[in-house]
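Working notes, beginning with the structure itself.
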Amino acid sequence: MSASQRIPVAAGILEWARRTAGFDKTLAAKRLAVKEERLTAWEQGELQPTINQLRNMAKLYKRPLAVLLLPAPPKDFDALRDFRRTGETADLSWSPALHAEYKRALSQREVVIELSELSPSSVISSRDDFNLSLDMNPEDAGRTLRELLGMDSWKGGTVSNPRNALRAAVDAVESHGILVMQTREVTIQEMRGFSISAWPYPVIILNGSDWPRPKLFTLLHEMCHLALNAGGLCDLHESPAQKRSEDRVEHYCNKVAASALMPAGRIMGDPVIRTTKHWTLEGLLGVSQRFGASSEALLLRLITLGLADWETYGRLKPQLDAHYTRLRKEEKEKQKLTQGGPPYFLVKARNLGRSYVESVLDAYQSRAISSYDVVDYLDVKYDQLPKLQEAVAR
């Protein structure tokens, strides 16, 4: 087939592919290096693209070329429209990066479901043994979640070390057949985490650009979403003005996560908390470390328990934001000095999810899947498999 040959595409297909990939017409035209008028003509069926132009669109929109040649847009992709947003981001459109991560989550879940049939011993069985309702007291729900993950058995050193606490929590969540993945492509302002509450093998994605303590809170928050069978996209924004039904779910999940991470009895019994009348940034930073929580999560917990008020939150929130912005800047500067940060394959294993990587590798080693499958599922070259296997074992 000649590269200049024109390919007939059904009207609506290219517009659907662009929209569901999160691109507006201006950005898509810029990435494709064409004028908006030409892109419009392609989408409306007034002009046929060449095969190379069609391949460029398939690559940009992250769709198989064959999908762009269908007679009509597939209806089974409409889940993206129904996946709700909350808080300050409720009325914003998805970025292309968020679309890509959502599709990746769905794809990895499908792989694990397939592996559970081809090689049952390679995957952890998915247990739907944690169910909640909005009528349940969030303190009781948090206690149940804490027991489910065995958080009371964590040693003091685990709780005080943010990375160790997060690793322990992720391991505990994955032991229930829940897929935990991470991403660095989506900004924290757009997404702290999201969940897909479809059993078996529901999915939680954490924003890998976030700090370990906020990620731990997000993980617990998303566990609550799964228990409510109400997956969604969360920025964990909280304010007393939120009124919508979706925000009610977010408030509830925040309370449950806070209760699990910072039990009321331990908060009320802390000598510093009992004697503090005027909270400062320094005071929050000092106390929050003992509970394995971020300072903002601790402050919100204090408000829930009547130990602080929203006026205090309004006063300290800008200071907390400035503090974390400064820390992120310092972290980036440190990474520059250490040749770019953590090793590539450690980040790769973390983003894919250790449980997922281990399941795929085990299925390959047991010959349930081919070498082509294993590199496709893990998105690595064949000769890189040992490095990824070494990273997931660390």
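We did not get these values from a lab; they are worked out from the coordinates using the rules stated. This is a predicted model, so every value here is computed, not measured. As a convention, Cβ positions derive from the backbone with ideal geometry for all residues, glycine included, and neighbour counts pool all protein chains shown.
For the reader, a short list of remarks on this structure follows.
- Global size of the range 13-77 as Cα Rg and Dmax, reported in angstrom: 10.7, 31
- Across the range 13-77, Cα pairs under 8 Å and at least six residues apart give a relative contact order of 42 percent.
- Each Cα pair under 8 Å and six or more residues apart adds its sequence gap; the mean of these over the residue count of the range 178-225 is a relative contact order of 40 percent.
- Anchor K387: lysines whose Cα lies under 22 Å away (excluding residues fewer than 8 positions away in-chain): K348
- Choice from V380, V287, V186 showing the highest fluctuation, given a GNM over the chain with Cα pairs closer than 10 Å: V380
- Over the C-alpha atoms of the range 97-261, the Rg to Rh ratio, Rh being the Kirkwood estimate, stands at 0.95.
- Each 20 Å bin from zero holds the following percent of Cα-Cα pairs in the chain: 25, 53, 21, 2.
- Cβ-derived FRET efficiency at R0 51 Å, E190 paired with E117, nearest 0.05: 0.90
- Taken about its Cα centre, the chain carries a charge dipole of roughly 1120 debye when the Cβ of each Lys and Arg holds +1 and the Cβ of each Asp and Glu holds -1.
- When peptides 254-261, 312-319 are ranked by their average number of other Cβ atoms within 10 Å per residue, the highest-first order is 254-261, 312-319.
- Residue-averaged 222 nm ellipticity for the chain, from DSSP H runs of 4+ at -39500 (n - 2.57), nearest 500: -16500 deg cm²/dmol
- Among L70, L206, the order by Cβ neighbours within 10 angstrom, fewest to most, reads L70, L206.
- For the chain, DSSP calls about 60 percent of its internal beta bridges antiparallel.
- Within a Gaussian network of the chain (alpha carbon springs, distance under 10 Å), most fluctuating of R301, R326, R163: R326
- Relative contact order of the range 97-261, defined on C-alpha pairs under 8 angstrom at six or more residues apart (%): 27
- Max mean-square fluctuation residue, GNM over the chain, Cα-Cα springs under 10 Å, options D135, D309, D362: D135
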